[in-house]
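Here the structure comes first, spelled out in structure tokens, and everything after it is commentary.
The values are calculated or read from the model by the stated rules, or taken from the named source; none is laboratory data. Just so you know, these numbers come straight off a predicted model, no measurement behind them. As a convention, Cβ positions derive from the backbone with ideal geometry for all residues, glycine included, and neighbour counts pool all protein chains shown. Areas reflect the complete protein model, heavy atoms only, side chains present, ligands, DNA and RNA absent. Shrake-Rupley method; radii C 1.70, N 1.55, O 1.52, S 1.80 Å.
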Amino acid sequence: MKDATYLANLIKTKVMSPFEALEEMEKKAKAQESLNAFVELDLEKAKEILTNKSKKDEESPFFGVPYPLKDVGQSRVGMAQTFGSRLFKGNIAQQTTNYTKKIEAAGFIPFGVTTSPEFAFKNVTDPVIYGPTRNPVDPERFSGGSSGGAASVVAGGISPIAGASDGGGSIRIPASFSGLIGLKPSRGMIVTGPDDYRSWQGASVNFALTISIRDTQRMLNVLKPDNQYSPYNRPNAMLPVVNRPLKVAVCFTSPIGNPVSDEAIEATMEAAKFIEKLGHQVEMVDYPVNGDELIRSYYQMNGGETAAMFEEMSSAYGRDMTLNDMELMTWTIYQYGKRLSAADYSTSFSSWDQAGVTMEKLFESYDLFLSPTATTVAPKITDDLQSDDIRARMANADELNKAELRELVYEMFEKSLQITPYTQLANLTGQPAISLPTYVTKDEGLPIGIQLMASRGNDRLLLEVGQWFEDLKKLMIPAGYKVF
């Protein structure tokens, strides 16, 4: 497997120099500029970072491996940080996040910044400031969001690993659409700060998109908090893998009740049969929580967080933020947040906690919860995920009351949510979830991932099961990374 570990070994054994690795990655990136996956691609900046590494740095596990960072939440001093927003066009980061410090301490060389939708609000990547990011599997489709640029970089064979983050599925959705491995770790498992320790009140986590289980496992160790401050207790990362037949709950019903494609159902059932053939027990269950209620609490949190963010910006800019400063979706979420009370914001987390209790009770009876990652394949770039009527109301969101905005926010996300209704649950409960690339459609050869969830702290079990799929050649990673 030509993954990041493979590349690190080439560098360690002097088969390739880290400078050659950077140049090779730049060559691949420029050959695929049409993917529109990078906000910034600066070889000289990466070489400068590499030149400043010490002899001791060469002992780190991923020394010399180029690492693309995401444009949201993964800043590095001197590199672009625009959040996919015209407000931050040309902005250069003045602070390095603890995540990026960990990445560099592991030996990775920050190399470029990948695209994201504005403020990471969407499950597709099409910021007005940069335009759509394309899927290497089918350039007429999206690679997902919000870590769309990262997914295109990895799926396109440019880099076997890239920085990504997940606040509602933003690692797992691109993984499903692009044929990659996407782990959303347990809350508290990954370093946070110093600019944002709670990150959407614990719903969002920084991690990576990968093409091997061993890279995914090693990244969990690389990104642990250690002695850095975290508002969340770190789960026990060394929970023993269950040495007995597992019980797996299986559900492909959409949590919001919309249709699920035959391919997504087939992907899930094939995965269930594979697990069953290995001697484990699978059982169909109803979806365990009220998906509609939970997603509305998620939007409520998002509104409150967005209003707080723009209040800070207004103070920094010395003026009120207007529609001209942001995209329609951001404007609508912002207006909704401004109408919410502290009581509204607080009640969001009661729903999250109740869902967490429900899921932990489910995990008293089952070891894993298996579902599709998405209801269908990646949407086309030409697909209209809203309507003219919805956009007209979004443009006048500042004239609407709280109840009207509550419904408008739901409506503006409705079509996109119907494609990816499964992923938000793990973000709100804090439990780990992984998307595995086990299926491609027969007619078009497009990926659909399957998602596995486990109890909080049981990330290792997800990787153990992922290893079964990998060892028995059930993972359909991009062909360029395979060693034939």
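Scanning the stretch 321-344 for residues that are under 25 Å from ASN290 (Cβ atoms) and either among the polar types (S, T, N, Q) or more than 24 Å from the chain's Cα centre (by Cα) (or both) yields THR332, TYR336, ARG339, LEU340, SER341, ALA342, ALA343, ASP344. Applying the criterion of being out of contact with any Leu (no Cβ under 9 Å at 6 or more places or on another chain) and in contact (Cβ under 8 Å) with a residue 24 or more places away in the chain to the residues of the stretch 69-79, the residue that is farthest from ASN206 (Cα to Cα) is GLY78.
Before we move on, is ASN91 polar (S, T, N, Q) and touching a residue at least 40 places away in the same chain (Cβ under 8 Å)? The answer is no for ASN91.
Within the stretch 410-432, residues that are closer than 12 Å to LEU452 by Cβ and open to solvent by less than 10 Å² (accessible area, probe 1.4 Å) sit with their Cβ atoms under 6 Å from residues that are of a type outside the set (Gly, Ala, Ser) and assigned to a loop (DSSP other than H, G, I, E, B), at 6+ positions apart or across chains, in these pairs: GLN431/ARG456; PRO432/PRO185. Taking (1) open to solvent by 30 Å² or more (accessible area, probe 1.4 Å); (2) closer than 27 Å to ASP126 by Cβ in turn, PRO68 satisfies each apart from (1).
Candidates are the residues of the stretch 335-351 that are closer than 23 Å to ASP320 by Cα and among the hydroxyl-bearing types (Ser, Thr, Tyr); the one that is surrounded by the most Cβ atoms within 10 Å (Cβ to Cβ) is TYR336. The set of residues from the stretch 178-216 being in contact (Cβ under 8 Å) with a residue 40 or more places away in the chain and aromatic (Phe, Trp, Tyr) comprises TRP200, PHE207. One residue alone among THR115, THR82, THR97 is open to solvent by less than 40 Å² (accessible area, probe 1.4 Å) and within 16 Å of the chain's Cα centre (by Cα), and that residue is THR115. Of the residues making up the stretch 352-407, those that are surrounded by fewer than 19 Cβ atoms within 10 Å (Cβ to Cβ), among the hydrophobic types (A, V, I, L, M, F, W, C) and not in a helix (DSSP H, G or I) number 2. Restricting ARG296, ARG319 to residues that are open to solvent by 20 Å² or more (accessible area, probe 1.4 Å), among the charged types (D, E, K, R) and closer than 26 Å to ASP126 by Cβ narrows the list to ARG296. Please work out if ILE49 is in a helix (DSSP H, G or I) and open to solvent by 10 Å² or more (accessible area, probe 1.4 Å). When the stated conditions are applied, ILE49 passes them.
Here's the yes/no breakdown for (1) more than 30 Å from ASP325 (Cα to Cα); (2) open to solvent by 60 Å² or more (accessible area, probe 1.4 Å); (3) modelled with pLDDT under 95; (4) not in a loop (DSSP other than H, G, I, E, B):
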site: THR216; (1), (2), (3), (4): yes, no, no, yes
site: PRO235; (1), (2), (3), (4): yes, no, yes, no
site: LEU239; (1), (2), (3), (4): yes, no, yes, no
site: ASN302; (1), (2), (3), (4): no, no, no, yes
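Taken over the stretch 175-212, the criterion of being part of a loop (DSSP other than H, G, I, E, B) and closer than 22 Å to SER34 by Cβ is satisfied by GLY179, LEU180, ILE211. Tell me, please, whether a residue that is assigned to a loop (DSSP other than H, G, I, E, B) and over 9 Å from the mean Cα position of the chain (by Cα) can be found in the stretch 162-174. No, every residue in the stretch 162-174 fails to be assigned to a loop (DSSP other than H, G, I, E, B) and over 9 Å from the mean Cα position of the chain (by Cα). The residues listed here are LYS338, LYS277; of these, the one that is basic (Lys, Arg), free of Cβ contacts under 8 Å to residues at least 12 places away in the same chain and out of contact with any Ser or Thr (no Cβ under 7 Å at 6 or more places or on another chain) is LYS277. I'm checking my understanding of the structure. Among residues of the stretch 3-46 that are open to solvent by 80 Å² or more (accessible area, probe 1.4 Å) and outside any helix (DSSP H, G or I), which one is farthest from GLU470 (Cα to Cα)? Only one residue fits best here, namely LYS14.
Conditions (1) in a loop (DSSP other than H, G, I, E, B); (2) within 25 Å of SER351 (Cα to Cα); (3) in contact with a strand residue (DSSP E or B) (Cβ under 8 Å, 6 or more places away or on another chain), marked per residue:
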| residue | (1), (2), (3) |
| --- | --- |
| GLU414 | no, yes, no |
| TYR422 | yes, yes, yes |
| ASN427 | no, yes, yes |
| LEU436 | no, no, yes |
| GLU444 | yes, no, yes |
| GLN451 | no, yes, yes |
| ARG460 | no, no, no |
| GLY480 | no, no, no |
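Count of the stretch 100-151 residues, restricted to those that are touching an Asp or Glu at 6+ places or on another chain (Cβ under 6 Å) and assigned to a helix (DSSP H, G or I), is 1.
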